[in-house]
Amino acid sequence: MTKSSSRFGAFGGRFVPETLMNAVLELEQGFESILNDPTFEKEMRDLLVNYSGRPTPLTFAKRLTEFAGGAEIYLKREDLNHTGAHKINNTIGQALLAKKMGKRKLIAETGAGQHGVASATIAALLGMECKVYMGEEDVRRQAQNVFRMELLGAEVVPVTSGSRTLKDATNEAMRAWVAAVEDSFYLIGSAVGPHPYPQMVKYFQRVIGDEARAQMIEQTGSLPTDVVACVGGGSNAIGMFTAFVEDSAVKIHGVEAAGKGLDTNEHAASLSLGRPGVLHGSFSYILHDENGQIIPAHSISAGLDYPGVGPEHAHLKEIGRVRYTAVTDEQAMEAVKLLCRLEGIIPAIESAHALSEAVRLASQGSVAEKILVCLSGRGDKDMGTIREYFQGESE
Amino acid sequence: MSRLANAFQTNQTNLIPYLVAGYPSVEATIDLIHLLAEEGVTAIELGVPFSDPVADGPIIQLAAEKALSNGITLSDVFAIAQTVRDQGNTIPLILFSYYNPLLSYGLEKVAIDAEKAGFSGFIVPDLPYEESDLLRTQLEQVSLDLIPLVAPTSEERVAKIAATAKGFVYCVSSLGTTGVRQSFASNLDSFLQQVRSSSRVPIAVGFGVSTASQVQELRTKADGVIVGSALVKQVTEMEQALCKEDEKQVALNTIRGFVKKLLS
């Protein structure tokens, strides 16, 4: 009998073609074998510390706090990781596991390209082959990241099916895995997919919250009153939240992308506006019509532009432990500007969704309260989008 | 005996073609079902178009996309089946659907409505054995078969999957998605023998079967041969003509020629 549960309450499971079942079971065994393996732990720690630069700092955002005029705001600086986001935590863990399982070929999907870059990076470091599936539309929008992945030695495969974005790239990566299941490892970039992926991605990302919790206590003497993270698939969020779920006094907020508004059809708020269903191997909240056809998501941030969410978030919503809310493109872009001007930090647009909500909470809070925000990535990758957005606004 | 089991016993063609329901139109699908029944196929799989068909290759993906853009829903697929039944056609029909459209429809309701519309069984490509209890229970209530898939990678899973199989066991010929391909898994023969020895129901093989010689070869090794993408490709080539009253007959004849060739 296996140790890790395939369900989070009613959510999760593994809804994959039979061809993949043994691979998924083998992966589960592989994952469980590293849980108490000091050699693996040591190898992973070494890369997290000496390669990616962990622990990442906790920064008190003094001027942003003054601007909000209420609670203190603290930033967990995942943007300072190698490759610029929390994504590397997970790719280090999964690629080391792939190596341990004797698989030398990595398959990955990517939206904006951050997970693709992190996968290509770790593949180069460990001397593995890497094929990244990316929607044709994203290939066009993120030409620079495509070049980065290729420079790192990965092959980028443009996906021309469906809406040609992350959802379709994930479909194609799964198809590629079905075809090459015997020698390939599918490195999923978020806390989604069939069991054991959501458990495994949480395990590799929980370092974010574990560090931040200790840093809050060390730097401020107590736990935060609120913890905030953005939620697309939800990997930085689950990585941050896990350390605080048992701290019942800590309020936890997950921030989805409201895109052009929750009253429009263009958003990516699976938890706020979706309903349970099966997408990409697990039962969770998804965006689909009354016939069960998946509805393409919209967000200005490619990393949140996904019509599903990790099953553990569905469970945390269902039991009421986490409050899920949503922030529009416009509010997120406003937060990008704020952090640039007040703190000298250019955030990823994904992370700016969490920042926007944090500023709103801080402005309503008292000075005794402390809000911890996961700054999941830096905005270098978003220069094109940011420039286009503000140019459009000034015209 | 279920309609499906009976079909395997009495039908000698051993062919199970697959159609994307509602592609290129509801009317064309009905015409194609009649055509296939006339040619004496064992059963027909009717594919419910889905936005994210991870088990399918490009030919079926594209056909499903077009069916969806025509607004085809599960209710339309039931209506198609009902229509051919009302027209006196008794060919066994199998509903091929990804899980999410079934969940959205409601598992209890989908079982009842499928039975009413005249379906004999379900194939759900993204519902592995471990997740299949809920649907199986509902289908059992209305005596419909949940037809499981087994793959060359299933190995020790084959025995337990085959043991609970109803209707037939769908053997996936090779790794990868549906589509036209030149060769099958190198261990196909031993894989089919393994399935055969664990199964009390007929076994059928599919994925990548596209030529008459492949059909001939596989018929000797399995009780049924499923032809999907290769047939859908024929339909795609006749897409326009199938929807025009004055060109329809020529298009259907071309497709009939293809089916006859498969059966030759």
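Restricting attention to segment B:174-195, does a residue exist that is in contact with a Phe, Trp or Tyr (Cβ under 6 Å, 6 or more places away or on another chain) and either part of a helix (DSSP H, G or I) or surrounded by fewer than 17 Cβ atoms within 10 Å (Cβ to Cβ) (or both)?
First, pick out the residues of segment B:174-195 that are in contact with a Phe, Trp or Tyr (Cβ under 6 Å, 6 or more places away or on another chain): B:174, B:178.
Then drop every residue that is not either part of a helix (DSSP H, G or I) or surrounded by fewer than 17 Cβ atoms within 10 Å (Cβ to Cβ) (or both), which leaves none.
No, that holds for no residue.
Could you list, ordered by first residue, the pairs with Cβ atoms under 7 Å in which the first is in segment B:1-17 and touching a residue at least 24 places away in the same chain (Cβ under 8 Å) and the second is of a type in the set (D, E, K, R), at least 6 apart or interchain?
B:Ser2/B:Asp145; B:Leu4/B:Asp145; B:Phe8/B:Asp223; B:Asn14/B:Arg219; B:Asn14/B:Asp223; B:Ile16/B:Glu45
Looking at segment A:117-127, can you tell me whether even one residue there is assigned to a helix (DSSP H, G or I) and at pLDDT below 95?
no
Name the residue, out of B:Thr83, B:Thr29, B:Thr90, that is under 15 Å from the mean Cα position of the chain (by Cα) and either surrounded by fewer than 17 Cβ atoms within 10 Å (Cβ to Cβ) or touching a residue at least 24 places away in the same chain (Cβ under 8 Å) (or both). Walk me through it before giving the result.
On the way: B:Thr83 fails: under 15 Å from the mean Cα position of the chain (by Cα); B:Thr90 fails: under 15 Å from the mean Cα position of the chain (by Cα).
Exactly one residue qualifies, and that residue is B:Thr29.
Residues of segment A:1-19 being assigned to a helix (DSSP H, G or I) and modelled with pLDDT of 95 or more, which ones?
Residues of segment A:1-19 that are assigned to a helix (DSSP H, G or I), as a first pass: A:18-19.
Correct list: A:Glu18 only.
Considering every residue within segment B:93-101, establish whether at least one is in a helix (DSSP H, G or I), free of Cβ contacts under 8 Å to residues at least 24 places away in the same chain and more than 16 Å from the chain's Cα centre (by Cα).
no
Could you grab me the full set of residues in segment B:139-165 that are crowded, with 22+ Cβ neighbours inside 10 Å, more than 9 Å from chain A (Cβ to nearest Cβ) and assigned to a loop (DSSP other than H, G, I, E, B)?
Answer for segment B:139-165, where residues must be crowded, with 22+ Cβ neighbours inside 10 Å, more than 9 Å from chain A (Cβ to nearest Cβ) and assigned to a loop (DSSP other than H, G, I, E, B): B:Leu144, B:Ile147, B:Ala165.
Search segment A:292-313 for residues being open to solvent by less than 30 Å² (accessible area, probe 1.4 Å), away from chain B (no Cβ under 14 Å) and of a type in the set (A, V, I, L, M), and hand back the single one that is nearest to A:Ala112 (Cα to Cα).
A:Ala302
Just one of the numbered conditions (1) open to solvent by 10 Å² or more (accessible area, probe 1.4 Å); (2) within 14 Å of chain B (Cβ to nearest Cβ); (3) farther than 27 Å from A:Lys76 by Cβ; (4) within 20 Å of the chain's Cα centre (by Cα) is not true of A:Leu273; which one?
Exception for A:Leu273: condition (2).
Quick check, is A:Ala98 crowded, with 23+ Cβ neighbours inside 10 Å, closer than 30 Å to B:Asn100 by Cβ and at pLDDT 95 or above?
On the way: crowded, with 23+ Cβ neighbours inside 10 Å: yes; closer than 30 Å to B:Asn100 by Cβ: yes; at pLDDT 95 or above: yes.
For A:Ala98, the condition - crowded, with 23+ Cβ neighbours inside 10 Å, closer than 30 Å to B:Asn100 by Cβ and at pLDDT 95 or above - is met.
If I filter segment A:276-291 down to residues being touching a helix residue (DSSP H, G or I) at 6+ places or on another chain (Cβ under 6 Å) and aliphatic (A, V, I, L, M), which single residue comes out as farthest from the other protein chains (Cβ to nearest Cβ)?
A:Leu287
Which of the numbered conditions does A:Ile345 fail, given that it passes all the others? Conditions: (1) in a helix (DSSP H, G or I); (2) within 27 Å of A:Gln142 (Cα to Cα).
(1)
Output the residues belonging to segment A:176-191 that are within 11 Å of another protein chain (Cβ to nearest Cβ) and either among the polar types (S, T, N, Q) or in contact with an Asp or Glu (Cβ under 8 Å, 6 or more places away or on another chain) (or both).
A:Ser184
Among the residues of segment B:48-67, are any free of Cβ contacts under 8 Å to residues at least 24 places away in the same chain, within 14 Å of another protein chain (Cβ to nearest Cβ), in a helix (DSSP H, G or I) and crowded, with 23+ Cβ neighbours inside 10 Å?
Initial filter on segment B:48-67 (free of Cβ contacts under 8 Å to residues at least 24 places away in the same chain): B:51, B:61, B:65.
Then drop every residue that is not within 14 Å of another protein chain (Cβ to nearest Cβ), which leaves B:51, B:61, B:65.
Still in the list and also in a helix (DSSP H, G or I): B:61, B:65.
Filter once more, keeping what is crowded, with 23+ Cβ neighbours inside 10 Å: B:61.
Yes, there is a match, as at least one residue in segment B:48-67 is free of Cβ contacts under 8 Å to residues at least 24 places away in the same chain, within 14 Å of another protein chain (Cβ to nearest Cβ), in a helix (DSSP H, G or I) and crowded, with 23+ Cβ neighbours inside 10 Å.
Do we find that B:Leu175 is modelled with pLDDT under 95 and within 20 Å of the chain's Cα centre (by Cα) in this structure? Before you say what the answer is, go through the steps one by one.
On the way: modelled with pLDDT under 95: yes; within 20 Å of the chain's Cα centre (by Cα): yes.
Yes: the conditions hold for B:Leu175.
The values are calculated or read from the model by the stated rules, or taken from the named source; none is laboratory data. All values reported here derive from a predicted model rather than from experimental measurement. Note that each Cβ is placed from the backbone with ideal geometry, even for glycine, and that neighbours are counted across all protein chains shown. Surface areas here come from the heavy atoms of the whole protein model, side chains and all, with no ligands, DNA or RNA. Shrake-Rupley method; radii C 1.70, N 1.55, O 1.52, S 1.80 Å.
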